[in-house]
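S.K.: Attaching a single structure in structure tokens format; questions to follow.
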Amino acid sequence: MRQALLVSAMVFVILAALAKDQAIAAQAPFPSVWAPPGEVMYKQFCAACHGAHAQGNGPAASTLKTQPPDLTTLAKRHGGKFPYDYVSSVLRFGPGSSAHGSSDMPTWGPIFQTIDRNSERAAQDRIRNLADYLASLQRK
Ligand code: HEC
């Protein structure tokens, strides 16, 4: 029951964020392919679970079955190099082997495609900006 409430609350937050995003895209004099900076998207879409500082302790984390990993140790856990391909793939297709993502980590590829009215380039740019932002947070 708590889980169901949390999921509906999160769906609401995501939909509200999408609506706001579209409103901004509609007014702003940006070219049709435009992705917000990684830090802005991180706060909007990721911090609730992964935490404001990406260390995996966001306000929603304690209610999840799988704990959100610390995203500042990605490079450390991948031989000292930030794993761009892995991160892009997790964002696009979801974590794990399932193409549909786990129930705890949303699959962002289709969500970004929806926000950007099916622009594949814009979805790619969003994923790249997010990956660049995460790369900038890596601990030594
Ligand atoms: C609803 C909570 C939630 C949200 C929102 C969320 N994540 Fe996650 N994320 C998770 C969980 C839980 C996992 C671990 C999933 C697993 O192992 O099955 C995860 C895993 C990841 C991983 C793999 C980390 C590793 O150590 O292998 C990356 C990268 C990631 N998330 C990035 C993001 C980004 C970027 C966003 C925002 C666009 C985001 N997440 C939004 C819950 C969330």
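S.K.: Straight-line reach only, C-alpha to C-alpha below 18 angstrom: list the aspartates and glutamates that Lys81 could link to, leaving out same-chain residues fewer than 8 apart.
M.R.: Reachable aspartates and glutamates: Asp70, Asp132.
S.K.: Leaving out same-chain residues fewer than 8 places away, which aspartates and glutamates sit with a Cα under 20 Å from that of Lys65?
M.R.: Within the straight-line cut-off, Lys65 pairs with Asp104.
S.K.: With θ taken as phi - 60° and the coefficients 6.51, -1.76 and 1.60, list the Karplus ³J(HN,Hα) couplings across the range 48-53 in order, rounded to whole Hz; mark glycine and proline as x.
M.R.: 4, 9, 7, x, 4, 9
Any read-out appearing in this document is the output of simple, stated calculations on the displayed coordinates, not a laboratory observation. Predicted, not measured: the structure shown is a model, and the values here were computed from it.
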